[in-house]
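To start, the structure itself, in structure tokens.
The values are calculated or read from the model by the stated rules, or taken from the named source; none is laboratory data. Predicted model only: the values in this text are computed from it and were never measured. Here the Cβ positions follow ideal geometry from the backbone for every residue, glycine too, while neighbour counts run over all protein chains shown. These accessible areas exclude ligands, DNA and RNA; they are computed on the full protein's heavy atoms, side chains included. Shrake-Rupley method; radii C 1.70, N 1.55, O 1.52, S 1.80 Å.
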Amino acid sequence: MEAKVLIPDPSRIKEELINKYPAKVAKKRSKSIVINDPETVPEVQANVRTVPGIITQRGCSYAGCKGVVLGPTRDIVNIVHGPIGCSFYAWLTRRNQTRPEKPTDENYITYCFSTDMQEEHVVFGGEKKLKVAIQEAYDLFHPKAIAIFSTCPVGLIGDDVHAASREMKEKLGDCNVFGFSCEGYRGVSQSAGHHIANNGVFKHMVGNNNTPAEGKFKLNLLGEYNIGGDAFEIERIFEKCGITLVASFSGNSTVRAIENAHMADLNVILCHRSINYMGDMMEVKYGIPWMKVNFVGAESSAKSLRKIAEYFGDEELKARIEAVIAEETPKVQAIIDEIRPRTEGKTAMLFVGGSRAHHYQDLFAELGMTTLAAGYEFAHRDDYEGREVLPKIKIDADSKNIEELKVSADPELYKPRKSEAELEELKAKGLEINGYEGMMKQMQKKSLVIDDVSHYESEKLIELYKPDIFCAGIKEKYVVQKMGVPLKQLHSYDYGGPYTGFEGAINFYKDIDRMVNNPVWKLIKAPWEKEESGSLEASYVTQ
Amino acid sequence: MAREGLTINPAKTCQPIGAMYAALGIHGCLPHSHGSQGCCSYHRSTLTRHYKEPVMASTSSFTEGASVFGGQANLLASIETIFSVYDPDVIAVHSTCLSETIGDDLQQITKKAKDDGKIPEGKYVIYASTPSFVGSHITGYANMVTGMAEQFAVSTGEKTDQINIVAGWMEPSDMREIKSLASLMDAKIVLFPDTSDVLDAPQTGKHEFYPKGGVTIDELRSTGDSKCSLALGCMSAEPAAIALDKKCKVPFETLDMPIGLSATDRFIMALSKAAGKPVPASITAERGRVVDVMADMEQYFYGKKVALFGDPDQIMPLTEFLLDLGMKPVHIVSGTPGNRFEKRMKEILERAPYANFKNGAQADMFLLHQWIKNEPVDLLIGNTYGKYIARDEDIPFVRFGFPILDRVGHSYFPSVGYSGAMRLIEKILGVLMDQQDRMALEEKFELVM
């Protein structure tokens, strides 16, 4: 499909984006900047090192492990082993909302725990202090679980957080203690941390509680972190549909739920990048298939619910889901009808995350807006091109350093939820069972796909395309807005949300309408700076 | 329960963010973080949330290889890329716990960059060692400001009538206010660093990668010939003044940051003396207005108990100001360690022998909260994270310090000088009187207060 709006020649634009770089840098960047063709899907260079000195959106492995995956579970005490900063910066800044069932239930989300490593620990080792910190956290809070996160110096000085955790777990007796080697220098972005987190949660938590889960249609929600209450909206919809949510990885989750997750019959994955490892490992060990879904966008939510119904193959469930969709849709449609005349034909760019830059295109499409360019901050090729490229991805030195767990079928708990034949049948019906088609097949021909976009490239893109809205994160927010273009934060939602499901879609439409049509953008020039204002002096002279 | 290993809800963060903030106060400067990408990303994010402004900075993007073999190649590559793509006048490199642990020597690497011709003519690379496992963000700020002085100041042997004012960690609004007071007094000053017109830039429809503000390189060079330095804060500003004295024989005086009445009085007198200029009537009148409000509203302040947390150079004069207002600062914590800080607090707290004060290790907000539970307070003052304690205990809360992530104003309206004192008074009165209104029984609800 050709773009509905006029877009400039992308090959010329690609030239402009890289011509200021030193030759070596330009050569490298050119492989990450691709002109899309949804039919033939070109290769995108992704998950490679950022050139030193380039202003990047990316963060580190620790951010992906502690900040993204482990952060949202409310009853784990997360102790960051290292100097104070790492724990400080990840303190409440990701908006992972959580709702304990009772006011007395444990909730450590608002706390920041650190060993506050000092020079003496860097020189003589910090394990002793770490163990003291674990003991103190236990004495103060008696949590069910304590997780330890390694920061850069920890790996270099050789503190063994895993041994310290094992020792303390044994000593404490009724508290699960486990560590993560998620030093910031591992991998090339947050992505390494997601993988490390998946491994740790799978090894130390999943499978610890074999109490059968109640309910007829039991699933886990993977890769949903309840930013701005996204998981609450999905929970609301599931409940209406009669779907039982066993565990969420990890928005609004608890230790107990995660330990019990292997009792579900399906894993649905929202953010493929951050959690696909968990889906794969649970499939191998417990026989639970995973399926890619998307609850960002009203149509996508309806489609995803129908896929879940199809998976369980139950007529009653199908009918109930149709009833829920029929009940929710008119509210959404009423808002679209009101707003769309104001957003139709406008353009957007999305450079964010490892899945959001894909999924939010659905919401823009529902508003009649065109995505001119998109890219991820820390994704891999499969998130762009689809999982069929997995066998073709070369494992480089940076990825090799991230452990791949050897997983095999659990002798007692492995139970295939669907036979091979049933799975094939579901795939034939269009369900993405253990698969993900990636972002590019959905994007228009000649749109630009850019991995790990740099600050320089973003500014150039805005200059050349003049999009009506740009989606990225807090570091980009005010840069882009200084250029007179509204920036929607798709990590923190500009402190709004939720954006998932039906209620979320309504919130998003309203926010985008507000942003692209906000009167403030017409007030930037002072009246006396506008050309048509003429000379004040002159007008006085004529009076 | 006494703790030795665990810090809970810290009242400090790490050195590099302070270095990044300070470096933004040089015109045409790109701060560079020599470490993993996460450091740079976190610092930029935090500063951006605090200022709601672009915060540009680059990173050496360490991977496992660099961490094992040393970060020299990454820094040299960074310098080359930065000058060709972002074209700054200065790159201000700060280290991180990662590069410090592996022992990267910034002086040696920047020298190599120069020798290898990677630094274009007329451009500069300065550096500061800012290991996250020593001190706090305040230490990092002080180290970068010291780096500016040491690496730029030149002594020609001929003294000028210029006064250096070394800004402690304060807001762009505060720096603007200091400059405005000096200009009212007709004192010739150079203020560094200076983040005004950098982190409070106007909306113009154009992103200025290097906004118009910031101390210029020429100004920094000239600090070596200044007749004296006034360091505003013994923790965040004094080290740079000491360095200038050592390198260029510029005598200095260290003052509390001019927050509140008494500290501003001392600053005004010191500036007047250094400049050899009388205090203009307009400043005296402004002071008079502050005292007038203090007297008019004394009943709302007197005897009220206050808990506060934050950074040393702000905590010290603020505590003194609370005492001047007749309030009782009963609980005070700061995560930043330091003998100068402890000594000065001891002096100030001679007027408040009842006060709990702790700084350094485990001087965190969890401790502060415990203290508050044991002895409740009428007012809490501190950065945004205080809102959780304020909500739990239903305490009126004034946001003050770094970071403030949930309100605006701090970067536009000063906390220093007499106008800063007036702003603090207004904020404190506002929350105290709002609370009184909110809690008042129907028959006790007052129209005039």
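Summary of values
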read-out	value
Qualifying residues in the stretch B:361-383 (those that are assigned to a loop (DSSP other than H, G, I, E, B) and open to solvent by 10 Å² or more (accessible area, probe 1.4 Å)) - the one farthest from residue B:5 (Cα to Cα)	B:378
Scope the stretch A:124-144; condition touching a residue at least 12 places away in the same chain (Cβ under 8 Å) and not small (Gly, Ala, Ser); matching residues	A:127, A:129, A:130, A:131, A:134, A:135, A:138, A:141, A:142, A:143, A:144
Of all residues in the stretch A:88-125 being open to solvent by 50 Å² or more (accessible area, probe 1.4 Å) and not in a loop (DSSP other than H, G, I, E, B), the one that is nearest to the other protein chains (Cβ to nearest Cβ)	A:119
Residue match in the stretch A:478-493 (condition: of a type in the set (D, E, K, R), under 29 Å from residue A:36 (Cα atoms) and at pLDDT below 95)	no
Residues satisfying the stated conditions in the stretch A:471-480, i.e. within 19 Å of residue B:58 (Cβ to Cβ) and open to solvent by less than 10 Å² (accessible area, probe 1.4 Å)	A:472, A:473, A:479, A:480
Candidate set from the stretch B:1-24 (those that are among the hydrophobic types (A, V, I, L, M, F, W, C) and more than 8 Å from every other protein chain (Cβ to nearest Cβ)); member that is farthest from the chain's Cα centre (by Cα)	B:2
Enumeration of residues in the stretch A:158-181 that are in contact with a helix residue (DSSP H, G or I) (Cβ under 6 Å, 6 or more places away or on another chain), open to solvent by 10 Å² or more (accessible area, probe 1.4 Å) and part of a helix (DSSP H, G or I)	A:172
Residue within the stretch A:396-406 that is in contact with a Pro (Cβ under 8 Å, 6 or more places away or on another chain) and open to solvent by less than 40 Å² (accessible area, probe 1.4 Å) present	no
Wholly enclosed helices (runs of 4 or more DSSP H) of the stretch B:8-82 bearing at least 3 residues surrounded by fewer than 24 Cβ atoms within 10 Å (Cβ to Cβ)	B:37-51, B:64-69
Test result for residue B:173, open to solvent by less than 20 Å² (accessible area, probe 1.4 Å), modelled with pLDDT of 95 or more, out of contact with any Lys or Arg (no Cβ under 8 Å at 6 or more places or on another chain) and within 17 Å of residue B:16 (Cβ to Cβ)	no
Elements of type helices (runs of 4 or more DSSP H) in the stretch A:362-458, at least 3 residues being modelled with pLDDT under 95	A:397-400
Number of the condition not met by residue B:157 [criteria: (1) part of a loop (DSSP other than H, G, I, E, B); (2) more than 14 Å from every other protein chain (Cβ to nearest Cβ); (3) in contact with a helix residue (DSSP H, G or I) (Cβ under 7 Å, 6 or more places away or on another chain)]	(3)
Considering residues of the stretch B:340-360 that are basic (Lys, Arg) and crowded, with 18+ Cβ neighbours inside 10 Å only, the residue farthest from residue B:405 (Cα to Cα)	B:344
Condition check for residue A:355: among the polar types (S, T, N, Q) and buried (at least 24 other Cβ atoms within 10 Å of the Cβ)	yes
Residue that is farthest from residue B:352 (Cα to Cα), among those in the stretch B:283-309 that are surrounded by 24 or more Cβ atoms within 10 Å (Cβ to Cβ) and out of contact with any His (no Cβ under 7 Å at 6 or more places or on another chain)	B:309
Hits in the stretch B:401-431 - residues which are touching a strand residue (DSSP E or B) at 6+ places or on another chain (Cβ under 8 Å) and open to solvent by less than 20 Å² (accessible area, probe 1.4 Å)	B:401, B:410, B:415, B:416, B:420, B:421, B:424, B:428
Residue B:93 more than 8 Å from every other protein chain (Cβ to nearest Cβ) and open to solvent by less than 10 Å² (accessible area, probe 1.4 Å)	yes
Among the residues listed as B:180, B:173, the single one being polar (S, T, N, Q), more than 15 Å from the chain's Cα centre (by Cα) and more than 14 Å from every other protein chain (Cβ to nearest Cβ)	B:180
Scan of the stretch A:126-155 for residues that are part of a helix (DSSP H, G or I), more than 7 Å from chain B (Cβ to nearest Cβ) and not aliphatic (A, V, I, L, M), ordered by number	A:127, A:128, A:131, A:135, A:138, A:141, A:155
Single residue of the stretch B:326-337 satisfying the filter (open to solvent by less than 10 Å² (accessible area, probe 1.4 Å) and not in a strand (DSSP E or B)) that is farthest from the other protein chains (Cβ to nearest Cβ)	B:327
Contacts under 9 angstrom Cβ, first residue in the stretch A:260-279 being among the acidic types (Asp, Glu), partner open to solvent by less than 10 Å² (accessible area, probe 1.4 Å), 6 or more apart	A:265/A:219; A:265/A:288; A:265/A:289; A:265/A:311
Subset of the stretch A:202-239 (residues that are open to solvent by 10 Å² or more (accessible area, probe 1.4 Å) and of a type in the set (A, V, I, L, M))	A:213
Residue satisfying condition, being over 19 Å from residue B:210 (Cα atoms) and surrounded by 24 or more Cβ atoms within 10 Å (Cβ to Cβ), within set B:98, B:106	B:98
Members of the stretch B:68-79 found to be more than 31 Å from the chain's Cα centre (by Cα) and within 7 Å of chain A (Cβ to nearest Cβ), listed by number	B:77
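One line per residue, one yes/no per condition, for (1) touching a residue at least 60 places away in the same chain (Cβ under 8 Å); (2) within 30 Å of residue A:422 (Cβ to Cβ); (3) surrounded by fewer than 19 Cβ atoms within 10 Å (Cβ to Cβ):
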| position | (1), (2), (3) |
| --- | --- |
| A:435 | yes, yes, yes |
| A:438 | yes, yes, no |
| A:450 | yes, no, no |
| A:453 | yes, no, no |
| A:464 | yes, no, yes |
| A:469 | yes, no, no |
| A:482 | no, no, no |
| A:487 | no, no, no |
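Okay, residues lined up against (1) surrounded by fewer than 18 Cβ atoms within 10 Å (Cβ to Cβ); (2) of a type outside the set (A, V, I, L, M); (3) more than 26 Å from residue B:381 (Cα to Cα):
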{"site": "B:254", "(1), (2), (3)": "no, yes, no"}
{"site": "B:269", "(1), (2), (3)": "yes, no, yes"}
{"site": "B:273", "(1), (2), (3)": "yes, yes, yes"}
{"site": "B:281", "(1), (2), (3)": "yes, no, yes"}
